[in-house]
Ligand SMILES: *Cc1c(COP(=O)(O)O)cnc(C)c1O
């Protein structure tokens, strides 16, 4: 069976887990800060906060940014639903804006149109998604957001290591803290770095960083944090806000540290696999997404678009190739339809959904397996 994505666990990974299991800390020990520091270094940001999963990362990010029942936030319909749900957890309203047909990313021109049609202050923030691993042009989004006084929360779950170079030759990694206010990552098994469950928020903003740490652990401020309102002694901790238990256990953080050591290797392997697919499908009926020259795609997913998507999906299953569809447009989910969104709101996303298929993409996909996948797809499309 060849799935669309798969984790890779080595003996070193297993040893790291066992090491922590034998240590005094299963959770909230030294491995949390160690993983955060290593991840921040990999991504090139100042601060990183480890959390229970990517969805928790989105939720505390919205809390730290002050999303509430009066907030209106913009996101893409082609994403995992958590990118939108996090706004709803805080009572805010989600506004889906259509994608660009070529990049499958949130269309910045359509976002601008929407902002210009409403009085300033109508919208508070944007959640762009580095869909499939294609980095959002965050420089352009930053300019737009500044013009309209919005914050940016980058959903970079698909793009650890993804980057782009601007016209001045400056390179930006997804989530490096220089453009978006906050960025989030997930360590779900299908993602680049796999810990089972796990997530991270990255930022360069110290105030947001402090709030994130507070929301991650009940809303509590502990000894050693300067911001205690009272202080009764060494035992004293203070509940200042309503937070959650979204902590990532030490055991999983040490697995993350071990996985992170191979992240760059995996990134390069994904790009190699993508190059071979690009070449194989270049002159066929299979539509591929080729990133612009100055964009380095992280290839969480390799997405193709074909006329008869359902036919190809079913055919590949008969060959034990388990392709997948990413995503059913979020605005067409019954939950969001009940809140007022409908078919026709995002025509590009709806059309993309009719034709898209994510084909096998993971570092341990062998040359032979990839050959087989390519042959079977070309067989089907003729
Ligand atoms: C995986 C994913 C999430 C959620 O991450 P979990 O760790 O599964 O909670 C959010 N957004 C996107 C785009 C994702 O791919």
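Estimated at 0.36 nm per residue, the fully extended path between residue 37 and residue 22 surpasses their Cα-Cα distance by 3.2 nm.
Full extension of the chain between residue 222 and residue 276 gives 14.3 nm of extra length, using 0.36 nm per residue less the Cα-Cα distance.
Ranking of 151, 235 by neighbouring Cβ atoms within 10 Å, starting from the fewest: 235, 151. Here, the chain is characterised by an Rg to Rh ratio of 0.98, where Rg is the alpha-carbon radius of gyration and Rh the Kirkwood radius.
Take 51-64, 96-109, 193-206, 237-250 and order them by the average number of nearby Cβ atoms within 10 Å per residue, most first; the result is 51-64, 193-206, 96-109, 237-250. Can you tell me, using C-alpha contacts under 8 Å and at least 6 residues apart, the relative contact order of the chain as a whole percent? This gives 23 percent for the chain. When you count the other C-beta atoms within 10 angstrom of each residue and take the mean per peptide, 165-171, 1-7 line up highest first as 1-7, 165-171.
Just how far, in whole angstrom, is region 295-326 from region 70-128 if you go by their alpha carbon centroids? When both Cα centres are located, 26 Å separates them. Spin-label pair residue 69-residue 101: with each label point 7 Å from Cα along the Cα-Cβ axis, the two points sit 4.3 nm from one another. In the elastic network of the chain, a GNM with C-alpha springs shorter than 10 Å, the most mobile of 207, 354, 93 is 207.
A simple spin-label model places the labels of residue 317 and residue 206 5.5 nm from each other, with each point 7 Å out along Cα-to-Cβ. Each Cα pair under 8 Å and six or more residues apart adds its separation to the average, and for region 62-121 the resulting relative contact order is 32 percent. So in the chain, what percent of DSSP beta bridges are antiparallel if you round to the nearest 5? That works out to approximately 65 percent antiparallel. Full extension of the chain segment joining residue 236 with residue 8 gains 77.8 nm, where the gain is 0.36 nm per residue of separation less the Cα-Cα distance. Helix 138-148 versus the longest principal axis of the chain: what angle, 0 to 90°, nearest 10, using Cα atoms? Helix 138-148 sits roughly 60 degrees off the main axis of the chain. Spacing of the modelled spin labels on residue 245 and residue 294, each 7 Å from Cα toward Cβ, amounts to 4.8 nm. Post the alpha-carbon centroid distance, region 330-382 to region 234-256, in whole angstrom. Distance between centres, Cα-based: 37 Å.
Quick note: the coordinates plus some simple rules give every number you see, no bench work behind them. Because the structure is a prediction, the values reported are computed rather than measured. Counting neighbours? That spans all protein chains shown, and the Cβs are built from the backbone with ideal geometry, glycine included.
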